[in-house]
Amino acid sequence: MNSLSVTPKPSVLDSSRIIEHERSRARGRIRRTKIVHGLTTAAIVVVLLIAWQIAAVLFLTPLGVAASPSAIVQSLISDWSLYSNAAVVTGWVAIRGWLWGNLIAVVVAVLFVQIPFVESLFLRLALVLFCLPLVAVNPILQLTFEPDTARVVLTGLSVFFTTLVGTILGLRSADGGPLTMVHAWGGGGTSRLRYVRFPSAFPAIMTGLQVGVAAAVLGAIFGEFIGATRGIGVLLINGLMSLQLDRIWSIAVIATLMAAIPYALFGILRDRLAPWSSTISSANPIKKRTVTGPARILLPLAWSIGSVVIVLVAWWAYLAIFDVSPFVGKSPADVLAYLTTVPDAAENRTDIAAALGITLLHGGVGYIAGLTVGVTAAVTFVQFPVVERIMTPIAVAFRTVPIIVIIPILILSLGRGLGAVVAITAIVTFFPTLANTQNGLARVPADGFSVMRSYDASRWTTLWRLQLPYTLPAIFTSARIAVPSALLAATLAEWLATGDGLGHYIVASRASADYTGLWAGAAVLTIVSLLVYSAVSIVERRVLAKYSPAHVA
């Protein structure tokens, strides 16, 4: 009798070996892909440096626009003690401001999440702090505190709001299931915070710490523009006044490294310490009680009035707690009288209105240009990965450069007119828009692509019908955040370059001891920033409710 041949089934051990082999092959492919991308990036950087060197030697340096890489290296070597001492001074201020700003932001975020009533009243105060222009805040702080303390406070303000918002969203992104389990086992608010909310928020907190590095360097450098004798900011102003190209570009390199190295380290730490993913929505995941009838109008109005009162009380409290001299510190009543009742009130209003119009022109054109170019670049990167590989090194480098060191370079390149101010404002708006839009495009559900392929949709139809609608929340998030940043960049450029606008008005008021004018200019600029921020928020809600399938009302 012929025996039947039976193919033996693989044993469990053989199956495990096969699975492990496939995993090893997958890890090998990932490693090879990373090596190829790393080598490609390095080659692109080398090519860009060579092109920069040639262009600088041929025409950029003779035109007084840019120093060559070799000249920058030579300057760094020959004046290393000067640069290193200045970097230590600025870095120490940046570290302290970064620590205090982030610590207070995390504590306030926990307080807001644990006590929603407190958030309803005080979140707008935090937003006011975010919208305060550094050009106005710096002289006020210098007149209130010791110079070193003023610079630390300014740096802390620069990082506070971003970490606050990220931490709040991270704490509220906690899954409802684990929260319910902790509650079922008798855990209170502290237990839910410790075992569920904090682990869920940890990636967002780390991202806030990472993003805050560049903001801390910016605040520390800008704080040295008034009343400082040492630091990167002092060297930067001296280099701009004496048109020392090699010094200006060397400072730009140092400031970039001061921001880029900690930025990269925090990115690595976040990936190592928080390998889990944390999807954070721009909407508030906590369900709100539906309000109908007259209360639907009266309740938001009451909260808004309460928030305004809190801001005014905080203003008065600042003057009282820190015992600011009445000659220097002006109250809301003083500012109101300056604009309405004093003999020169009409002239004061005219001057501030004219300066505000110039600042809105500078900031508005750059804001729109930055948003447009940022969204276009993100779409291009997603549609054409080869462009992303080529341009990403440049984008990453610019993302970590504090804007304060870009301004002198653009002034040398574009002059002191409208072009330089618009370029500076556009750069500030561009990079957050690029990053957020890329992240939004990457979060489009895979099922959506499957549906579009089933209808044989083209690449551009998929982009228009699927990807962009899902990315609208990220785009509008960038648009909101960029409002105060655009006005900040515009006022900085007006101070350093054009000599007009509210940036120049505020600095000139301090120079002439017109402290009421200084406070009035700061108040008007902050109010305008808040109004534009609110206007973008209103447009966001209406557009997302109509066009974005990812929006949850």
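Computed from the coordinates by the stated procedures, all read-outs in this text should not be read as laboratory data. Model, not experiment: these values are computed from the prediction. Positions of Cβ are backbone-derived with ideal geometry, glycine not excepted, and every protein chain shown enters the neighbour counts.
The label-point distance for Thr229 and Ala317, in a model that sets each label 7 Å from Cα toward Cβ, rounds to 3.7 nm. Take the Cα radius of gyration of the range 467-553 and divide it by 2.2 N^0.38 Å, N being the number of residues; the result is 1.44. Evaluated at q = 0.08, 0.09, 0.11, 0.17 Å⁻¹, a Debye calculation over the C-alpha positions of the range 330-553 (equal weights, vacuum) places log10 I(q)/I(0) at -0.38, -0.46, -0.65, -1.15.
Each eigenvalue of the Cα gyration tensor of the range 428-507, multiplied by 5 and square-rooted, gives one semi-axis; in descending order these are 40, 10, 8 Å.
Neighbour counting of Cβ atoms within 10 Å sorts the residues Ile248, Ile427, Ile368, fewest neighbours leading, into Ile368, Ile427, Ile248. Computed packing ranks the peptides 78-85, 209-216 as 209-216, 78-85, most packed first, by mean other Cβ atoms within 10 Å.
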